[in-house]
Amino acid sequence: MPELPEKGMVHRSSPYCVDETMERLENALKSLGIPVLARIDHSGGAAAMGIEMKPTKLLIFGNAKAGTPLMLAAPTVALDLPLKALIWEDAAGAVWVSYNTPQYLQERHGFPENLMPNIAGIRVIVEEAIKP
C-alpha cells in the first residue's frame, strides 16, 4: 500500500477499476436519493492535452437539505460542499476512493457539531460502493 497523506482525508481501497467504482458509488448515492451534481474526468482532461495520467475521476454529490444548514452556520464550508469523492488509480494499479472527513470539514470551518450528521454518511456510502 502506498503512503497516503491523511490530513483530514480517508483513503479506501477498491477491488474494482476506477470506472466500476465510480458507477457503484453513483448507484449507492442514487439508492439514497442523493443527487450526483457533477463528474470530472481529470485523466480524460489530461489525455485531451496529450498528457498521460492514471485513471482519476471526481464525483461531486449532495443535496441542499443537508448542505444548506452547514453553509448558514459557517459560510466558508461552501468551499468544500457539495461533498466530493476522488476515485483514482495509483502507480501500482490499485484503485482508491479518497474523501475529506466530516471531522476535518467541521474543524476547518467551525460549523456546530450537531450538524455533523448532515455529512457523516459519506463513510457508509463509500463502504457500500467498494464492498466485494
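The table for this structure:
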{"read-out": "Surface accessible to a 1.4 Å probe, per residue, for the residues of region 9-117, Å²", "value": "55 Å²"}
{"read-out": "Distant-in-sequence amide H partners of D80 (H built 1.01 Å from N, under 5 Å)", "value": "none"}
{"read-out": "MRE, 222 nm, helices only [DSSP H, n ≥ 4, -39500 (n - 2.57), over the chain, to nearest 500]", "value": "-10500 deg cm²/dmol"}
{"read-out": "The chain: angle of helix 64-73 to the longest principal axis, Cα-based, in degrees nearest 10", "value": "60 degrees"}
{"read-out": "Heavy-atom accessible surface of region 17-98: percent carbon and sulfur, 1.4 Å", "value": "63 percent"}
{"read-out": "Simple spin-label estimate for K65 and A48 in nanometres, 7 Å along Cα-Cβ", "value": "3.4 nm"}
{"read-out": "Positive-end extreme of charge dipole, region 49-132 - chosen from L105, P132, T68 (charges on Cβ)", "value": "T68"}
{"read-out": "Size of electric dipole in the chain: Cβ of Lys, Arg +1 and of Asp, Glu -1, about Cα centre, debye, nearest 20", "value": "320 debye"}
{"read-out": "Extreme residue, positive dipole direction of region 1-60, given options A47, L32, V18 (C-beta unit charges)", "value": "L32"}
{"read-out": "q = 0.13, 0.21, 0.22, 0.25 Å⁻¹, region 41-108: log10 I(q)/I(0) [Debye, one scatterer per Cα]", "value": "-0.50, -0.88, -0.92, -1.03"}
{"read-out": "Square roots of five times the Cα gyration tensor eigenvalues for the chain, Å", "value": "26, 16, 15"}
{"read-out": "Distance violations [Cα-Cα > 19 Å] among K7/K30; K65/K131; K57/K84", "value": "K7/K30; K65/K131"}
{"read-out": "In Hz, Karplus ³J(HN,Hα) per residue of region 27-33 (6.51, -1.76, 1.60; θ = phi - 60°; x = Gly, Pro)", "value": "5, 5, 5, 4, 5, 9, x"}
{"read-out": "Whole-Hz couplings from phi, Karplus 6.51/-1.76/1.60, listed for region 10-24; x for Gly and Pro", "value": "10, 10, 10, 6, 10, x, 10, 5, 4, 4, 5, 4, 4, 4, 5"}
{"read-out": "Relative packing of 41-49, 64-72, 83-91, which averages over residues the other C-beta atoms within 10 Å, highest first", "value": "83-91, 64-72, 41-49"}
{"read-out": "Computed magnitude of the charge dipole of region 68-132 (debye, nearest 20; Cβ of K, R +1, Cβ of D, E -1)", "value": "100 debye"}
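The values are calculated or read from the model by the stated rules, or taken from the named source; none is laboratory data. Small disclaimer: the values here were computed from a predicted structure and weren't measured. Here the Cβ is made from the backbone with ideal geometry for all residues, glycine too, and neighbour counts use every protein chain on show. Side chains included, ligands, DNA and RNA excluded: accessible areas come from the protein's heavy atoms. Shrake-Rupley method; radii C 1.70, N 1.55, O 1.52, S 1.80 Å.
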